[in-house]
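S.K.: The structure is given below, and queries will be raised subsequently.
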Amino acid sequence: MASDTPPPPEGGTDTSTVPSTPEGAPKSGAPQDRIPADGPTTAQPTTAQYVAVQGSEEFGELRRTYRSFAFPLTVAFIAWYLLYVLLSNYAGGFMGTKVFGNINVALVLGLAQFATTFLIAWVYSRHAARKLDPQAEAIKSRMEADA
């Protein structure tokens, strides 16, 4: 059975099942739909301004601050995780050692993995709030003022 609807445009989607907009309502994509609720936006920085900021000492310092925190912490956590995996695979006797009751070393270290994950997230959020966010906000404010 042939369909009466034409095929969708090249690279497009079939809109035949989408209901039409009510009479008088702005069409989707109209300029009114793109204005944020808090009013018109201010001028945005140009690509050249972004490139200039990326090469600035201020932005370089922001990246160094981030990397000097995130990379060592990531390496430490991966090493800690791999230690747990290796101990689980090759030190079954040690991992099976009872700590108290039916709780063994493997369970304690496994739960410590979860605790470590949440601890890292908490420490990072504090670091970001104290060091990264003020630097990023200063860069953003300067860019908005220059735009």
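S.K.: Here is a check on your reading of the model: is residue 123 surrounded by 12 or more Cβ atoms within 10 Å (Cβ to Cβ), in contact with a strand residue (DSSP E or B) (Cβ under 8 Å, 6 or more places away or on another chain) and not in a loop (DSSP other than H, G, I, E, B)?
M.R.: The answer is no for residue 123.
S.K.: Now for a separate question. Out of the residues in the range 55-87 that are among the charged types (D, E, K, R) and under 18 Å from the mean Cα position of the chain (by Cα), state the one that is most open to solvent (accessible area, probe 1.4 Å).
M.R.: 67
S.K.: Further, regarding this structure: With respect to the numbered conditions (1) assigned to a helix (DSSP H, G or I); (2) surrounded by fewer than 10 Cβ atoms within 10 Å (Cβ to Cβ), which one is the sole condition not fulfilled by residue 43?
M.R.: Going through the list (1) assigned to a helix (DSSP H, G or I); (2) surrounded by fewer than 10 Cβ atoms within 10 Å (Cβ to Cβ), residue 43 breaks only (1).
S.K.: List the residue pairs whose Cβ atoms are under 6 Å apart, where the first residue sits in the range 34-55 and is at pLDDT below 85, the second is outside any loop (DSSP other than H, G, I, E, B), and the two are 6 or more positions apart or on different chains.
M.R.: That search, which allows pairs on different chains as well, returns 45/143.
The values are calculated or read from the model by the stated rules, or taken from the named source; none is laboratory data. Predicted, not measured: the structure shown is a model, and the values here were computed from it. Note that each Cβ is placed from the backbone with ideal geometry, even for glycine, and that neighbours are counted across all protein chains shown. Side chains are part of the model used for accessible areas, which takes the heavy atoms of the whole protein and leaves out ligands, DNA and RNA. Shrake-Rupley method; radii C 1.70, N 1.55, O 1.52, S 1.80 Å.
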